[in-house]
1. Restricting the search to the stretch 172-201, which residues are touching a strand residue (DSSP E or B) at 6+ places or on another chain (Cβ under 6 Å), away from the ligand (no atom under 14 Å from the Cβ) and assigned to a loop (DSSP other than H, G, I, E, B)?
2. For the stretch 340-349, check the following and say yes or no: at least one residue is touching a His at 6+ places or on another chain (Cβ under 9 Å), at pLDDT 95 or above and in a strand (DSSP E or B).
3. What's the number of the only condition in (1) more than 23 Å from the chain's Cα centre (by Cα); (2) under 24 Å from ARG255 (Cα atoms); (3) of a type outside the set (Lys, Arg) that PRO296 fails to meet?
4. Between a first residue in the stretch 203-223 that is more than 9 Å from the ligand (Cβ to nearest atom) and a second residue that is assigned to a helix (DSSP H, G or I), which pairs have beta carbons less than 7 Å apart while being 6 or more apart in sequence or on different chains?
5. How about the stretch 81-92: which of its residues are under 15 Å from the mean Cα position of the chain (by Cα) and in a loop (DSSP other than H, G, I, E, B)?
6. Would you check which residues across the stretch 288-314 are at pLDDT 95 or above, surrounded by fewer than 19 Cβ atoms within 10 Å (Cβ to Cβ) and within 14 Å of the ligand (Cβ to nearest atom) and list them?
7. Return yes or no: is GLY357 within 16 Å of the ligand (Cβ to nearest atom), assigned by TED's automatic domain parsing to the domain that holds GLY16, crowded, with 16+ Cβ neighbours inside 10 Å and not in a helix (DSSP H, G or I)?
8. Could you pull out every one of the strands (runs of 3 or more DSSP E) wholly within the stretch 1-52 that has 2 or more residues that are within 25 Å of GLY145 (Cα to Cα)?
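The values are calculated or read from the model by the stated rules, or taken from the named source; none is laboratory data. Because the structure is predicted, anything quoted here is derived from the model rather than measured. Heads up, the Cβs are rebuilt from the backbone with ideal geometry, glycines too, and the neighbour counts pull from every protein chain shown.
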Amino acid sequence: MSDIFDVIVLGTGGFGCSALYHLARRGLKVLGVDRFGAAHDRGSSHGETRIIRKAYFEHPDYVPLLLRAYDLWGELEAESHQQLFWQCGLMLAGLPESEAISGARLSAKQHTLNVENLTATEASHRWPGFRIPDDFDVVFEPEAGFLKVEACVQTHLDLAIAHGARLQLNAPVVSWSASDREVRVQTINGEFVAKSLVITAGAWSASVMADLNLPLQVLRKPLFWHQTSSTEYNLGSGMPTFYFEMPGNNGGEARSFYGFPSIDNTTLKVAEHSGGDTVSDPLFVDRECRKEDSQPIAQFVQSCLPKLNPQASRQAVCLYTVTPDRHFVVDRHPQHPNVVIGCGFSGHGFKFTSVLGEALADLATDGHTKQPIGFLRLSRLQ
Ligand SMILES: Cc1cc2nc3c(=O)[nH]c(=O)nc-3n(C[C@H](O)[C@H](O)[C@H](O)COP(=O)(O)OP(=O)(O)OC[C@H]3O[C@@H](n4cnc5c(N)ncnc54)[C@H](O)[C@@H]3O)c2cc1C
């Protein structure tokens with residue numbers, strides 16, 4: 001009996017490491033399994049930084065989760081004695097009716113959040129590194145900022161281990177099965193048995209849960225670091241994280257670009273949130289930079305960040321796993337109540353890993369959670 005775990009977590013990336021931490025912290029006997037090493041760069045949780053914000057333009061229903069997420073990031077910093085979150089604010093820029101501007105204003109109003117409304121001229125005076133189109137509105141959220149992504153993953157893992165969790169890294173799971181009494185997880189290193197299973201397999205979710213026929217699309221997302229000699233882009237100069245929603249030409253779709261203040265006082269990270277090529281096998285994604293990757297970023301940089309070198313000095317490739325409605329899936333498996341799933345985080349999930357790791361741990365142990373995740377149920381997609 002001693003080899004039977006309370007819970008196995010399949011995939012210890014952004015969400016899995018947090019679930020593992022919350023389960024271990026409750027004194028449960030837990031095992032985390034991953035096909036790669038700790039805080040690796042082959043999935044969706046790498047590339048230095050992730051934006052965190054409360055005035056959520058995607059939907060106001062996310063805001064209560066974000067309030068709890070902020071508390072839990074603070075607790076993780078206190079327990080680990082290290083800084084994971086930098087509160088430098090977020091500047092959203094777009095047409096007044098754009099999703100980013102109108103959605104952030106709606107969430108701020110519904111949840112009485114602290115945001116400032118600025119004109120393009122006011123924002124360009126406050127942050128002279130930006131060139132903002134005259135017809136844009138700006139919403140600034142001072143409590144937003146960024147998380148250091150790999151450090152968050154590593155810290156959740158380190159503290160999970162400190163609370164007694166076991167890890168099987170570099171151990172791809174080849175199959176799993178569940179009955180009323182137990183779950184069995186077969187890895188290349190052998191089989192492990194537990195009372196319940198949390199599946200947080202990121203870009204591999206559709207294949208790991210092939211039985212569910214999940215409507216997930218994996219997108220290749222390049223990110224770029226551009227050099228600058230201007231101090232205006234430095235974190236220490238008051239530069240915020242930023243997100244521009246650029247209207248499409250001739251009635252075309254809007255394109256969104258985002259970025260971070262320079263944390264090394266030399267380079268600044270910029271990427272496009274919209275678009276992305278579909279990836280058929282996440283193990284074999286093309287990680288080289290293509291001309292068609294860098295061209296739209298160079299154009300955006302020339303228009304809106306004029307003191308940045310438009311040619312990138314470094315790049316990386318990351319993966320989004322998107323649902324048709326771009327909202328997450330956090331639920332129990334419809335056929336197996338002792339299997340819990342978190343997937344389809346659609347390129348905006350990382351800031352929630354603290355709170356949704358807690359919710360996944362609740363679902364795996366109690367079958368329910370007090371976190372308001374009803375809008376993330378799987379049945380809406382089936
Ligand atoms: C470029 C980019 C920018 C982003 N920006 C933001 C942002 O600013 N703010 C924000 O909140 N979010 C952002 N996101 C989204 C966020 O990073 C992701 O939603 C989140 O990291 C997804 O975490 P995950 O646990 O689902 O996936 P991952 O972290 O990839 O974890 C999945 C894990 O499962 C493992 N696994 C899969 N299959 C198996 C198997 N068969 N056996 C064993 N292990 C397996 C994988 O190895 C992996 O470690 C961004 C994402 C990208 C790519």
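1. GLU182
2. Taking the stretch 340-349 and keeping what is touching a His at 6+ places or on another chain (Cβ under 9 Å), we get 340-341, 344, 346-348.
Among the residues that remain, those that are also at pLDDT 95 or above are: 340-341, 344, 346-348.
From the residues that got through so far, the ones that are in a strand (DSSP E or B) too are 340-341.
Looking for residues that are touching a His at 6+ places or on another chain (Cβ under 9 Å), at pLDDT 95 or above and in a strand (DSSP E or B), one finds at least one in the stretch 340-349, hence yes.
3. Of everything listed in (1) more than 23 Å from the chain's Cα centre (by Cα); (2) under 24 Å from ARG255 (Cα atoms); (3) of a type outside the set (Lys, Arg), PRO296 misses just condition (1).
4. Partner pairs satisfying both residue conditions: LEU214/SER205; LEU214/ALA206; PRO215/LEU381; LEU216/SER205; LEU216/ALA206; VAL218/ALA203; VAL218/PRO282.
5. LEU84 - this is the single residue of the stretch 81-92 that is under 15 Å from the mean Cα position of the chain (by Cα) and in a loop (DSSP other than H, G, I, E, B).
6. The one that is at pLDDT 95 or above, surrounded by fewer than 19 Cβ atoms within 10 Å (Cβ to Cβ) and within 14 Å of the ligand (Cβ to nearest atom): ARG314.
7. Details: within 16 Å of the ligand (Cβ to nearest atom): yes; assigned by TED's automatic domain parsing to the domain that holds GLY16: yes; crowded, with 16+ Cβ neighbours inside 10 Å: yes; not in a helix (DSSP H, G or I): no.
Against the criterion (within 16 Å of the ligand (Cβ to nearest atom), assigned by TED's automatic domain parsing to the domain that holds GLY16, crowded, with 16+ Cβ neighbours inside 10 Å and not in a helix (DSSP H, G or I)), GLY357 does not qualify.
8. Correct list: 49-52.
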